[in-house]
1. Only one residue in Asp251, Asp214 is under 21 Å from the mean Cα position of the chain (by Cα) and within 26 Å of Leu180 (Cα to Cα), so which one is that?
2. Which condition number does Ala18 fail, the rest of (1) within 23 Å of Thr129 (Cβ to Cβ); (2) touching a Ser or Thr at 6+ places or on another chain (Cβ under 8 Å); (3) touching a residue at least 40 places away in the same chain (Cβ under 8 Å) being met?
3. Hey, can you tell me all the residues within the range 249-275 that are at pLDDT 95 or above and among the acidic types (Asp, Glu)?
4. Would you call Val194 assigned to a strand (DSSP E or B) and out of contact with any His (no Cβ under 7 Å at 6 or more places or on another chain)?
5. Determine, yes or no, whether Met201 is farther than 29 Å from Asn40 by Cα, in contact (Cβ under 8 Å) with a residue 24 or more places away in the chain, of a type outside the set (Lys, Arg) and in a helix (DSSP H, G or I).
6. When the residues of the range 111-133 are narrowed to those that are out of contact with any helix residue (DSSP H, G or I) (no Cβ under 7 Å at 6 or more places or on another chain) and hydroxyl-bearing (Ser, Thr, Tyr), which ends up farthest from Gly14 (Cα to Cα)?
7. Test Ala141 against the stated conditions and say whether it is surrounded by fewer than 21 Cβ atoms within 10 Å (Cβ to Cβ), more than 30 Å from Ala197 (Cα to Cα) and free of Cβ contacts under 8 Å to residues at least 40 places away in the same chain.
8. List every residue pair whose Cβ atoms lie under 9 Å apart, where the two residues are 6 or more positions apart in sequence or sit on different chains, the first residue falls within the range 23-35 and is without any contact (Cβ under 8 Å) to a residue 12 or more places away in the chain, and the second residue, located anywhere, is surrounded by 16 or more Cβ atoms within 10 Å (Cβ to Cβ) and of a type in the set (Ser, Thr, Tyr).
Amino acid sequence: MLLEMTGAAPETAGLAYAGAMSEYLFNDCPQCTEEFDSQNQVFIGSGGTSPYMLLCNKPVRNMDDLQGKRLRIGGAQWSRWAEELGASSVSVPQHETYEALSQGVVDCSIHSAPELTIVKLMEVVSDITTGAPGGVFAGVANTVNKDTWADLSDEERTAMLHVSAVLSAELSWGYAKAALDNMEAARDLDRIEVHDAGDDMKSQTRAFIQQDLDNMAGTYAEKYGLDNASEMIETFRPILEKWVGLVDGIDNGEALADIYREEVFSKVDVSSHGL
C-alpha cells in the first residue's frame, strides 16, 4: 500500500512494485536470502498485480457509504484498512467470493480488476470503486531449488535470470493489461457503475497507510522477532519511488522485461548469489 504514497499511476503500479521488490531482495535484504536458503530455495525474481479496489454489489463511493460494509479481504493490510475506516473484514477464500457477493454475504470484495474475469466477478458486481484501498499483491516469487542452482554454470545461471526477468515482466504486465481490459468491459456494461473513491476516502486511506507504516516496525518485532523492520522500510521506500518513474509509460511486456534486466537482473553476481 506504500504505492499510494508515491503517486504511482494505477496502470503501472504493479510493474513498479515488482521491479522494486526484485531489486530489494537481490541487493538489500540478507535476511530474506537467509529465509529462502532455509527452504533450500534461491530467489530469482518477483511479480506484482494491478492495484486493489472495491468490487461491490452496492455503491460505495465515500466514507459514509463505507461505514459498516462487510468487505472480503485477501491480506492483513487490507483488513486493517477496513477496520480503521469503519468497515468490517470478512475472510472468504477467493473461489468462494463469487457466491459471497451474489448472496449478499459480503458487500464488496477487495480485489484487483483481473479477478472480474479470473473469478467471474463481472457477473455479480454492480459497482466498482477505484482509488481505494489501493496497494498490490506482490507475494509472488520466482525461485529455483538451491541444489539445482548450485549445479548450474555461471552462463546457465545468467540464462535463468534472463528468462526470470521475462517471466516477472509478463506476469506483471499480464495483470496490468487484464486490468485495463476488464475495466473497459465493465464500463461498457449498463448494469455496472464505476466510481472513483471520494476525496475523504482517499485522504483517510493515506493517513491509514502512514499510521500503519509507523506501527509496522513494532508489530513485526513483536510477532516475528524482526528488529530492523523500520530500517527495511526506509531502505525499500526510495527503491520503490525510483521504480515508479522507471516504468512510467511502459505499455508492453517486452519493454518491461528490458528494464528489469537492465536495472536489476543483469547486475546479479551469478558466481555468488544463492551459493
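1. Being under 21 Å from the mean Cα position of the chain (by Cα) and within 26 Å of Leu180 (Cα to Cα) holds for just one of Asp251, Asp214, which is Asp251.
2. All conditions are met except number (1).
3. Once the filter is applied, which keeps residues that are at pLDDT 95 or above and among the acidic types (Asp, Glu), the range 249-275 yields Glu254, Asp258, Glu262, Glu263, Asp269.
4. Against the criterion (assigned to a strand (DSSP E or B) and out of contact with any His (no Cβ under 7 Å at 6 or more places or on another chain)), Val194 qualifies.
5. Criteria met by Met201.
6. Per the criteria, the residue is Ser126.
7. No, not satisfied.
8. Cys32/Tyr24
The values are calculated or read from the model by the stated rules, or taken from the named source; none is laboratory data. What you see is a predicted model, and the numbers here were worked out from it, not measured in a lab. Ideal geometry is used to build each Cβ from the backbone, glycine not excepted, and the neighbour counts take in all protein chains shown.
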